[in-house]
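Taking it in order: structure first as structure tokens, then the write-up.
The values are calculated or read from the model by the stated rules, or taken from the named source; none is laboratory data. Remember, predicted model here, so these are calculated numbers, not experimental data. Backbone-built Cβ (ideal geometry, glycine too); neighbour counts: all protein chains shown. Ligands, DNA and RNA are excluded from the accessible area calculation, which covers all protein heavy atoms including side chains. Shrake-Rupley method; radii C 1.70, N 1.55, O 1.52, S 1.80 Å.
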Amino acid sequence: MIQKILLHVCRYVAATIVAFVASLGVIAVWRGVDPSTDTLTFLSRFTAAFFLSLIGFCGVFSGAWCLSRATRWRGAIVLVAFGFAFGAYLASLLPWQDQKSVVPLGYFILLPIPFGGGCAVYLLRHLSLTRHWSEPTRRIQ
């Protein structure tokens, strides 16, 4: 019994680490594509929303594959919550939080992250409902 619980905890820790690394990879691509993230033009807001949702999607989708097949999409919901909470914590530490132009937006800036994660949960749920992904293959005799 304790081994099963320990296995689940280890899988969630691994899923969180994989999700974090995948999110960092998307951030690295984002900085390569749009190095001028300090300006608030329409294009930079669009690319920010796109890449924030991509961060959520890639992090949750890749991290969920560390979980067991039976609990993969439910665990992805936990990863979305972890990712949004971690993003909100990091956003609270940023120095631009005190600027008057950003204060009305608040944490609404971070809403694309759970949107992308929710898309990953939906895709994982859809994949778990198909026979090919949810059951082992059967041999025809």
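Any idea which residue in segment 65-114 is modelled with the lowest pLDDT, counting only those that are assigned to a loop (DSSP other than H, G, I, E, B) and within 22 Å of Leu6 (Cα to Cα)?
Checked segment 65-114; the qualifying residue modelled with the lowest pLDDT is Ser68.
Quick one: is Ala14 at pLDDT 90 or above, out of contact with any strand residue (DSSP E or B) (no Cβ under 9 Å at 6 or more places or on another chain), open to solvent by less than 50 Å² (accessible area, probe 1.4 Å) and closer than 20 Å to His126 by Cα?
It is false that Ala14 is at pLDDT 90 or above, out of contact with any strand residue (DSSP E or B) (no Cβ under 9 Å at 6 or more places or on another chain), open to solvent by less than 50 Å² (accessible area, probe 1.4 Å) and closer than 20 Å to His126 by Cα.
Being within 22 Å of Gly118 (Cα to Cα), of a type in the set (S, T, N, Q) and either at pLDDT 90 or above or assigned to a helix (DSSP H, G or I) (or both) narrows it down to one residue among Ser62, Ser44; which is it?
Ser62
Look at Gly118 and say whether it is closer than 30 Å to Cys10 by Cβ, open to solvent by less than 90 Å² (accessible area, probe 1.4 Å) and modelled with pLDDT of 90 or more.
yes
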